[in-house]
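Written out below as structure tokens is the structure these notes cover.
Values quoted throughout were computed directly from the atomic coordinates according to the rules given, and no laboratory measurement underlies them. Given the structure is predicted, the values throughout are model-derived calculations rather than measurements. Cβ placement follows ideal geometry from the backbone for every residue including glycine, while neighbour counts extend to all protein chains displayed.
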Amino acid sequence: MTKHNIPKDHPRAHSLKIRNTMIDSYDSGILSQYGLIAHGRGEAFDYILGETTNKISLKTIRVATALLLLSNSVISVNGNSAALCSKELVNLAKLTNSKIEINLFHKSSTRAKKISQLLKNHGAMDIYGINKKFLTQIPNLKSDRKFIDKRGIFSADVIFVPLEDGDRTEFLKKMNKTVITVDLNPLSRTSIMSDISIIDNIIRVIPEMVNQSENMSNLSLDDLQKIVNKFNNQKQLQLILRFMSKRLIDLST
Ligand code: PTJ
């Protein structure tokens, strides 16, 4: 794909650079063409959020990180999350002792292998979800996201899903998994169905989770559990929606 040169002083330079990253990832076979469209939807919500991480999201990120530190967890990686923050995802997995599993909506073994290689280039050791020998299925889920690794998502308690649509979250809940998600859209099925919904851009969220994991590494299991126990996802979603509504009202007056 032809990429445009971005003048350094362009008011949207940062956002345009990220678009170029997405195009590079599409060209190299990491991202699906649908991923480009998904990114555009995310951008629109990020505009309303003000393209920064607010205090509400910071609190949710802290709780999500504490839960990863406490639990037997898997980070589920798709094309978009690999394109935007593969290095940080590998760091987060190491710091929280989480496994990494590739799980794609638009299933392609070639793309899965490329994503796996990218994660390995950033230091990941074991990548789950690739070896057919270990795959099983999420009961009743129709989409190709049903294929999960017996050693990974199938046997984990907590699944961290940075960015996807909501079909799988719903079925993971039916399997009694605790689900953490990142989605800029607070109205998506993913955000509504999850136990911990981070309404923010993964490009900011994953580095912040890496920071928080380092900061929380000295906390006792009791202290981590206290952080998680106090959390109310419904309330956080309401706060984010109010934050977004207020921004729109403030901008219109
Ligand atoms: O790589 P695959 O095959 O697994 O496909 C991945 C995509 C994302 C294409 C697939 O899961 C999909 O079609 O997802 P949706 O239904 O478009 O949902 C993606 C959600 O992610 C939307 O609600 C977007 O607002 C949100 N989103 C997009 N970019 C970001 C984001 N949320 C957080 N950070 C982003 N950078």
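Taking 20 Å as the cut-off, the amide N atoms of the range 53-80 that come nearer than this to a point 7 Å along the Cα-to-beta-carbon line of K246 belong to 53-62. Residues T60, T178 in ascending order of nearby Cβ atoms (within 10 Å, fewest first): T178, T60. Residue order for I203, I61, I249, I115, fewest other beta carbons within 10 angstrom first, comes to I249, I203, I61, I115.
Here is the link list: K55/K94; K99/K226; K94/K230; K114/K235; K17/K226. Which ones come out longer than 32 Å on Cα distance? Listed pairs above 32 Å: K114/K235; K17/K226.
Before anything else, pin down the relative contact order of the chain: Cα pairs under 8 Å, at least 6 apart, normalised by residue count, whole percent. This gives 22 percent for the chain.
Normalised by 2.2 N^0.38 Å, where N is the number of residues, the C-alpha radius of gyration of the range 1-126 stands at 1.15. Straight Cα distances below 20 angstrom link K174 to the aspartates and glutamates E101, D144, D149, D157, E164, D165, D195, with same-chain residues fewer than 8 positions distant left out.
List every DSSP H helix in the chain whose Cα atoms extend 15 Å or more along the helix's own long axis and whose mean Kyte-Doolittle hydropathy is at least -1.0. Long hydrophobic helices here: 13-27, 33-49, 55-70, 79-96, 109-121, 202-216, 233-251. On full extension, the segment bounded by K113 and S217 gains 34.2 nm, given 0.36 nm per residue less the C-alpha separation.
What fraction of the DSSP beta bridges in the chain is antiparallel, stated in percent and rounded to the nearest 5?
On the way: 3 of 20 bridges.
Approximately 15 percent, going by the DSSP bridge assignments.
With loop defined by DSSP as not H, G, I, E or B, and exposure as at most 14 other Cβ atoms within 10 Å, which is the longest segment of the chain clear of exposed trypsin sites (Lys or Arg not before Pro)?
Working: sites that count: K3, K8, R12, K107, K142, K150, K230.
The segment 13-106 is the longest one with no such site.
Per-residue Cβ neighbour counts within 10 Å put I206, I138, I198 in the sequence I138, I206, I198, beginning with the fewest.
Taking the chain as a Gaussian network, Cα atoms linked when under 10 Å apart, which of L219, L70, L163 shows the biggest mean-square fluctuation? Among L219, L70, L163, the largest GNM mean-square fluctuation belongs to L219.
Considering all projection directions equally, how large on average is the shadow of the alpha-carbon convex hull of the chain, in square nanometres? Please report the intermediate quantities before stating the final value.
On the way: hull surface 56.7 nm².
Directional mean of the projected Cα hull area for the chain stands at 14.2 nm².
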